[in-house]
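Here the structure comes first, spelled out in structure tokens, and everything after it is commentary.
The values are calculated or read from the model by the stated rules, or taken from the named source; none is laboratory data. Since we're looking at a predicted model, the values are computed, not measured. Reconstructed Cβ throughout: ideal geometry from the backbone, glycine too, with neighbour counts over all protein chains shown. When the accessible area is computed, the model is the full protein with side chains, heavy atoms only, and any ligands, DNA or RNA have been set aside. Shrake-Rupley method; radii C 1.70, N 1.55, O 1.52, S 1.80 Å.
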Amino acid sequence: MDELNIDREALLATFLAEAEEVLGRMEGSLVALEANPSDGQILHALFRDAHTLKGAASLVEFDAVRDLAHDLENVLERLRDHSLGVSDVLVTLLLQSVDVLRTAVADAATGKSEPSESAASFRARLAQAASGKAATAPAGPVTAEHGAETAPASAARRSLRVDVSKLDRMLDLSGEIAVARGRLGEMLERRSEVTAEDVLTAHRDADRLYLDLQELIMMARMVPIGPVFRQHVRTVRDVAAVHGKQVRLVLEGDDVEVDTAVVERIRDPIGHMVRNAVDHGIESPAARRAAGKDPVGRLLLRAFHDTGSMVIQVIDDGQGLDHRRIAERAAAMGLVADPARLDPEEVGRLVFEPGLSTSEAVTEFSGRGVGMDVVRRNVEGLRGSVAVESVEGRGTTITIRVPLTLAIIQGFRVGVADETYILPLDAVVECLELPADASREGAPTGVIDLRGKPLPYLRLREHFGVEGPRPERENVVVVQHGSSTAGVAVDALHGESSTVIKPLGTMFKGIPGVAGSSILGDGRVALILDVAGLLRETLKRAAAAAA
């Protein structure tokens, strides 16, 4: 009986993951059908997806899902045989069916066997549409019932399709590593008969195999960003419909691959920026015509690899940011002293400040300050950065840069007293010696001259309250995040190393300047530093000292 339960759980997990894929694919197909009503291939694909979902739901005994999918299938069959015509209202109804199906799958996964009242009433609307009567649908976008994240999305994150050839290679490598370990262990047992050079050679061979296996595992976790991009086809369609706008979504680089954990955590920030671009950035058709623009706005989602990172850009050709209003609002909030002296780059950084209200600027500028502090926090939680570039009247570009993987980084180890800290190597610009007069002062922060430019720095010893004797001379690691640069003063430089990231416990989350932890070769724990957080703290203290 236990074995049957285990099989049932495995079957259910597979169904939930595949159901979310099917529903997401159907959303994209329905939006494409609205733009190309005569495309028979899209209709055939939709019918196949509905039929697949119905069969799979029947297999796991999700009767409510099966019945809904069957009713949807009936409507699609009428479209296929041309007894029904494609209309905006009908497409909206079919999109709503995807939402209702998604909710029904989530309900069934939690053990609810009976269909909800909304699902039952919706089936009647589908039957009415299939009978040829006028379909009815809400004027605005239709979303799933309010609640927590649906079960299919959660299940999808726990599963990943991996090519069998990669698994075969992993198995081969694990066997080779076992042989290498055995060889190394035998040498250590016969240590009186072997030289240190022989042991070192055996260790290097085993280390090479380990690195090959590590690289293969990381490659197996890589997935294309395309499915996340395509999810926003529906978002653009719905938000544009509510505001009476016309927006065309263009995707570039949707085959770019990144770690599956990054994909899941970047989904919400992208969604927020897409909604903002359509809601506040792109103008109404009338306003665009008056400005000499195409009445149909263009929103571009682009992804590409760049020096070990993935870059995602959200680009619209809307009205852009109103720099003057943003600067004035920031001055009113006490964020800046002189709004007239702010350059465009500084204004772009201001929209990420928490509490920067744009309610007064709904019709004046794009309003991208709303919630953008949350976007920044989410991106920086991935050890990434986000920046805004905007030209008034021509549009806005939001650029997100995130690492390709969250599991392993190349780190730069530094020492303070007996403690070791790790900085992400891609954030390290250079290292230099702290001037003797600055070392003698021992202040928590300061400013030094770096080739004619002021460089504010933060002393790590004071920031974390580390006790112990001070060295005669200290070092400064120059770090960069986005367009900001600062220094981190430390006692010693230990050099580069490959770092496996371990998550912090809940009681350690939220500590300023700390992003994670790692276990060193001697068993000690080293904290991985949050460069973005350290930079903000350094620049804030430097500004306070200057004032």
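Among the residues of the range 282-320, those that are more than 22 Å from residue 235 (Cα to Cα) and in contact with a Lys or Arg (Cβ under 8 Å, 6 or more places away or on another chain) comprise 306, 309, 310. Looking only at the range 447-482, residues that are over 21 Å from residue 420 (Cα atoms), assigned to a strand (DSSP E or B) and either of a type in the set (Phe, Trp, Tyr) or at pLDDT 85 or above (or both) come to 8 in all. The C-beta contact set for the range 105-130 (first residue assigned to a helix (DSSP H, G or I), second residue open to solvent by 50 Å² or more (accessible area, probe 1.4 Å) and hydrophobic (A, V, I, L, M, F, W, C), distance under 9 angstrom, 6+ apart or interchain) comprises 106/148; 128/134.
Return the residues of the range 518-535 that are modelled with pLDDT under 85 and surrounded by 13 or more Cβ atoms within 10 Å (Cβ to Cβ); say none if nothing qualifies. Passing the criteria: 520, 530, 531, 532, 533, 534, 535. Residue pairs whose Cβ atoms lie under 9 Å apart, separated by 6 or more positions or on different chains, with the first residue in the range 334-361 and among the polar types (S, T, N, Q) and open to solvent by less than 70 Å² (accessible area, probe 1.4 Å) and the second at pLDDT 70 or above and outside any loop (DSSP other than H, G, I, E, B), are 357/329; 358/280; 358/325; 358/326; 358/329.
Would it be correct to say that residue 259 is within 23 Å of residue 27 (Cα to Cα) and within 17 Å of the chain's Cα centre (by Cα)? Taking the combined requirement at face value, the residue does not satisfy it. Go over the candidates 83, 58 one by one and state the one that is farther than 30 Å from residue 249 by Cα, of a type in the set (Ser, Thr, Tyr), touching a helix residue (DSSP H, G or I) at 6+ places or on another chain (Cβ under 7 Å) and surrounded by fewer than 16 Cβ atoms within 10 Å (Cβ to Cβ). Residue meeting the stated conditions: 58.
Taking the criterion of being in contact with a strand residue (DSSP E or B) (Cβ under 7 Å, 6 or more places away or on another chain) and basic (Lys, Arg), the residues of the range 231-264 that qualify are 245, 248. Note on the range 301-322: residues that are part of a strand (DSSP E or B), polar (S, T, N, Q) and touching a helix residue (DSSP H, G or I) at 6+ places or on another chain (Cβ under 8 Å) total 1. Residue-level check: of (1) within 27 Å of residue 309 (Cα to Cα); (2) open to solvent by 30 Å² or more (accessible area, probe 1.4 Å); (3) not in a strand (DSSP E or B), residue 485 misses just (3).
Which residues, taken from the range 292-310, are at pLDDT 90 or above and over 16 Å from residue 228 (Cα atoms)? Residues satisfying the conditions are 292, 293, 294, 295, 296, 297, 298. The criterion of being surrounded by 14 or more Cβ atoms within 10 Å (Cβ to Cβ) and either basic (Lys, Arg) or in a loop (DSSP other than H, G, I, E, B) (or both) does not hold for residue 204.
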